[in-house]
Amino acid sequence: MLKQNLNLKLSQKLSPQQIQLMKLIQLPTQAFEQRLMEEMNENPALEGDLNEDEERFEKDEFDNNDEYDDFDDSDSIDANDINIDEYLSNDETPDYKTQTSNYSDDDEDRDIPFVASVSFHQDLINQLNTFVLTDEQREIAEFLVGSIDDDGYLRRSIADIVDDMAFTQAIYTDEETVNKILCVIIHELEPSGVGARDLQECLLLQLKHKTPTESVELAVSIIDEQFDAFTKKHYEKLLQKYSISKDQLKKAIDEIEKLNPKPGGAFSGSSKITEHIVPDFMIRINDDELELTLNGRNAPELHVSKDYQDMMKTYKDSKDKSNAQRDAVQFIKQKLDSAKWFIDAIKQRQETLFVTMNAIMHFQQEYFLDGDETKLKPMILKDIADMIGLDISTVSRVANSKYVDTPYGTKLLKDFFSEAMMNDQGEEVSTIEIKKILEQVIAEEDKNKPLPDDQLADILKERGYPIARRTVAKYREQLEIPVARMRKKI
């Protein structure tokens, strides 16, 4: 039997322009600048000076009074239906200028210089030139260097390396030869510890390059013979094993703690480039009042190309309009519409960023006035979305990727958001506040007898924060603090 059912489904589809706007909002300052340059390269009708920030409009000039609000990106355009006057303007001054800047006089140079230096692996190859090697030894040594990761470790087995050299480089050798070159040559390269196959070997290589002292020799024995006991901080076992005093053990451990577990990462010319964070906002305190500014690099001066407007005017004034001219004016119209929409989208992005950060600043006013993290109030995305009348997803896009420069350092916006918990007074407190107090308790503990999670839970309860041991463990892990046994010091 055939049955018919009628289902009503309410769905909302975002237009391509709305999707593009959401992507623009999500971009942090540096990525936004890159996106601007790409758009200007792709659309000749869009012009602007990305480096000019001398003139600023106040926030009330965010309002969009552009009369060209109807954006139509249809491929089929009737040239006779185009109102040429809409694309002509006697005002050559851009109608969109940035709202504010957080640059001082010392920040004029926007390009961050990088030192021209060789990479980590190239430096290792260069060091091989100091050894007297046969052609075969050099080929093997260079292949080993190429197999070292950015941390400085050789993670692959010697057997795999031998097979790879045979199949990919036609270098036929054996494990004994490769292992000898690794130990005699690669392990002598700088930084010390490079080419190690695991952490234990890495630490041993570094210790053996140190000037021999009683503490260094004891450290070598501990890493070589009692590595498991050392990593688990079974200090009593080590004291009994070597029949030494606590002071002697402490000096040996101090030598070990000076070592670098990732020798490759310490190399200044490493292939890893340090990320330079560019704050999207700046908050300053002036006469006990908070002042918010938006990084001027988020609001460059953009305008529609005068050349393209002139081309439209030429088309309008011409009496005989050929098919080629009609095709050209369709192309020009599309580019002008696209440029106009992009300028409007940047205005909306700028306003969205400012109002979102302004709401966060006022919500967390107590914190921003004195920097005490325990004063951060519970705050979720919905709180800010309700304040400014925007969708939660839009607030999320702003918070997840933007930084604010405060008198207390540069902070990621999403770090200001937290869930609420109840204290023993029945008041809502932020989980950030609880984590901060937990961090303080652990920092003040006796490192000879670190506090386990159940005792930490008891201390927090005494201070008015009744949370379970498993919650303490979760917060401790989020703070990247190890368990009590691993915090023990001698």
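Dipole of the stretch 155-292 computed with +1 at Lys/Arg Cβ and -1 at Asp/Glu Cβ about the Cα centre; of 216, 205, 265, farthest Cα towards the positive end is 216. Of the peptides 242-251, 381-390, 326-335, the order by per-residue mean of other Cβ atoms within 10 Å, starting with the highest, comes out as 326-335, 381-390, 242-251. Ranked by the mean number of other Cβ atoms within 10 Å of their residues, highest first, the peptides 473-486, 176-189 fall in the order 176-189, 473-486.
Summed over the residues of the stretch 364-490 and divided among them, the accessible surface reaches 53 Å² per residue at a probe radius of 1.4 Å. Across all directions, the shadow cast by the convex hull of the stretch 114-202 built on its C-alpha atoms averages 6.2 square nanometres.
Loop-located GluC sites (Glu not before Pro) in the stretch 423-469 (DSSP state other than H, G, I, E, B) with a sparse environment of at most 13 neighbouring Cβ atoms within 10 Å: 427. Measuring nothing but protein heavy atoms, the accessible surface of the stretch 339-470 at 1.4 Å probe radius is 44 percent carbon and sulfur. Heavy atoms of the protein chains alone define the surface here; on that basis the stretch 134-252 has 53 Å² accessible area per residue at 1.4 Å probe size. The ellipsoid that matches the Cα gyration tensor of the stretch 370-468 has semi-axes, each √(5λ) in whole angstrom, of 30, 17, 11, with the longest given first. Magnitude of the charge dipole for the stretch 316-424, about its Cα centre and with charges confined to Cβ atoms of Lys, Arg (+1) and Asp, Glu (-1), is about 1000 debye. What list of whole percents do you get for P(r) of the stretch 322-413, with Cα-Cα distances grouped in 10 Å bins up to the one holding the largest distance? For the stretch 322-413, the binned pair fractions read 14, 35, 21, 12, 10, 6, 2, 0 percent.
In this structure, the residue pairs whose Cα-Cα separation is over 28 Å, taken from 210/262; 233/474; 258/414; 208/474, are 258/414; 208/474. Could you work out what % of the accessible surface of the stretch 137-232 is carbon and sulfur, using a 1.4 angstrom probe and leaving DNA, RNA and ligands out of the count? The computed percentage sits at 47.
If only the Cβ of Lys and Arg carry +1 and only the Cβ of Asp and Glu carry -1, the dipole of the stretch 389-480 around its Cα centre is close to 320 debye.
The values are calculated or read from the model by the stated rules, or taken from the named source; none is laboratory data. Quick caveat, the model's predicted, so the values are computed rather than measured. So basically every Cβ, Gly included, is an ideal-geometry build from the backbone, and we count neighbours across all protein chains shown. These accessible areas exclude ligands, DNA and RNA; they are computed on the full protein's heavy atoms, side chains included. Shrake-Rupley method; radii C 1.70, N 1.55, O 1.52, S 1.80 Å.
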